[in-house]
Amino acid sequence: MFKLSERFLSLQGEGRYMGRPSYFLRTGGCNLTCAGFATVYEANGELRYGCDTYFAVDRDFGSEWESIFEAKTILKEIYKEFETLGYMPDVVVTGGEPLIYYNDKVFYEVINQFIKDKIKVTFETNGTIEIDFDSYPAYKEAIFALSVKLSN
């Protein structure tokens, strides 16, 4: 099982594929705590500082995240949206930190299906999680956009 904080269609706003129609899967959860983004938000009655996607990172928002228990269910929903669009957009998996789920069976099954269907998959990642590409070969076909986080 993995968690999504949101999913939506938009244009990729940065990087090499800027301007391309993309379906975003924003995962819930992160392995870092980044206080340096000048984002101020309120949770449980207190002011907090952190990531610009605090609602996808701060576990106090976890009750709002969608739990994905079956790949076939979410794939059916996503592919129905693609059918309505009339084309297959790229898929951008972002977060939080999406790769905290890289070895989750359901998460991998979703990504693997996109790869099998020749959909361009990009992970927007902080670059801190080492992937076992031999055990999870579909990731070899994905693109990794790194937003490296430094201690300062």
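Quick look at the values:
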item	result
Tally, over the range 1-29, of residues that are outside any strand (DSSP E or B) and in contact with a Lys or Arg (Cβ under 9 Å, 6 or more places away or on another chain)	6
Pairs with Cβ under 9 Å, 6+ apart, first in the range 74-103 and on the phi > 0 side of the Ramachandran plot, second open to solvent by 10 Å² or more (accessible area, probe 1.4 Å) and among the charged types (D, E, K, R)	Gly96/Lys3; Gly96/Arg26
Flag for Asn126 being buried (at least 16 other Cβ atoms within 10 Å of the Cβ), more than 18 Å from Leu75 (Cα to Cα) and modelled with pLDDT under 95	yes
The lone exception for Glu109 - which of (1) open to solvent by less than 40 Å² (accessible area, probe 1.4 Å); (2) touching a helix residue (DSSP H, G or I) at 6+ places or on another chain (Cβ under 6 Å); (3) charged (D, E, K, R) it fails	(1)
Selection from the range 10-23 of residues that are open to solvent by 80 Å² or more (accessible area, probe 1.4 Å) and of a type outside the set (Lys, Arg)	Leu11, Glu14, Met18
The range 25-67 - residue that is among the aliphatic types (A, V, I, L, M) and closer than 16 Å to Glu97 by Cα and, of those, most open to solvent (accessible area, probe 1.4 Å)	Ala35
Residue match in the range 36-53 (condition: hydroxyl-bearing (Ser, Thr, Tyr), in contact with a strand residue (DSSP E or B) (Cβ under 9 Å, 6 or more places away or on another chain) and under 16 Å from Glu124 (Cβ atoms))	yes
Every residue from the range 87-111 that is more than 9 Å from the chain's Cα centre (by Cα) and over 13 Å from Leu9 (Cα atoms)	Ile100, Tyr101, Tyr102, Asn103, Asp104, Lys105, Val106, Phe107, Tyr108, Glu109, Val110, Ile111
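The values are calculated or read from the model by the stated rules, or taken from the named source; none is laboratory data. As the structure is a computational prediction, the values presented were derived from the model and not from experiment. Positions of Cβ are generated from backbone atoms using ideal geometry, with glycine treated the same way; all protein chains shown enter the neighbour counts. All accessible areas refer to the heavy atoms of the entire protein, side chains included, with ligands and DNA or RNA removed. Shrake-Rupley method; radii C 1.70, N 1.55, O 1.52, S 1.80 Å.
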